[in-house]
Amino acid sequence: MTELENYLHHYFSIGLHDCKKLASLFQEEKLAKGDFFLKSQQQSNKLSFIEHGLLRLFVVLPDKEVTQWIANSGTFVTDLSGFLFRNPARWNIQALTEVTLYTISHEQYLKVGDLIPKWNEFEKLFIGKCFVTIENRVFNQISLSAEERYQLLFEQQRELFHQVPLQYLASMLGMTPETLSRIRSKKTS
C-alpha cells in the first residue's frame with residue numbers, strides 16, 4: 001500500500017479496493033526548491049497529496065508577504081476555493097524544499113464519483129475536515145496569545161522550526177519576526 005493509499009484509507013475510512021482505484025487517478029509530480037505549484041490569479045487545476053517536502057501558501061500584498069500556511073508531508077494542498085469553485089487562485093504555493101506530490105487534475109477529480117459510489121460521503125468528510133482545520137486556525141489566532149500560538153505550532157510541527165525560515169513562521173503565526181525571536185529566546189533560556 002502506498003503512502004497515498006494508506007492516508008486515504010485511514011483519513012476517509014475508504015476500503016482498500018476503492019483506495020487503489022482513487023490513488024490510480026493521481027500522478028507523481030516533483031518540484032524543485034523554489035518552483036511554484038500555483039501562482040495567484042491562475043486557475044487551480046490540481047489537488048495534490050504531499051509525499052515529501054514543504055510548500056508555502058502565501059499572498060503578496062502591497063507592503064508585505066503573508067504566509068497563510070506551510071503544508072508538509074502527509075497533507076493535501078491546493079487553493080481550495082479555486083479548485084472547487086473555479087475562481088482564480090488567491091494563494092501562491094511555492095516549494096520550500098524539493099517536493100514529491102501525487103496530483104489529481106480537476107478533470108479527473110470530477111470523475112471520482114463514477115468510480116467510487118460512496119464518494120459524496122467521503123468528499124463531505126474531506127471538505128468538512130478542511131473547514132474544521134481553518135476554523136481551528138481562526139479560533140487560535142483570535143483567542144490565543146502569541147506565545148500560546150508559538151507553543152501550539154512547536155508542539156504539533158516542531159520540524160518546521162528547523163526547515164522553514166523564521167519570517168515565514170512568524171507571518172503564519174500572525175506576529176513579527178522580532179516577536180517570534182523574543183518568544184523563542186524565552187523558551188530556550
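The values are calculated or read from the model by the stated rules, or taken from the named source; none is laboratory data. Please read these numbers as outputs of a predicted model, since none were measured by experiment. Please note: Cβ atoms are built from the backbone with ideal geometry, for glycine as well, and neighbour counts cover all protein chains shown.
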Kindly provide the set of residues from segment 142-188 that are small (G, A, S) and over 15 Å from V66 (Cβ atoms), ordered by number.
-> S143, S145, A146, S181, S185
Spans of strands (runs of 3 or more DSSP E) in segment 17-72 with at least 3 residues without any contact (Cβ under 8 Å) to a residue 40 or more places away in the chain | 55-60
Say whether the condition of being within 26 Å of E5 (Cβ to Cβ) and aliphatic (A, V, I, L, M) is met by at least one residue in segment 117-131.
-> yes
Options K187, K124, K129: the member that is at negative phi, exposed (fewer than 12 other Cβ atoms within 10 Å of the Cβ) and either of a type in the set (S, T, N, Q) or in the same structural domain as K21 (by TED's automatic domain parsing) (or both) | K124
Considering each residue of segment 122-150, count those that are in contact (Cβ under 8 Å) with a residue 24 or more places away in the chain and over 29 Å from L110 (Cβ atoms), and give that number.
-> 5
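Would you list the helices (runs of 4 or more DSSP H) that sit entirely within segment 100-189 and hold 1 or more residues that are in contact with a Pro (Cβ under 6 Å, 6 or more places away or on another chain)?
Hits in segment 100-189: 166-172.
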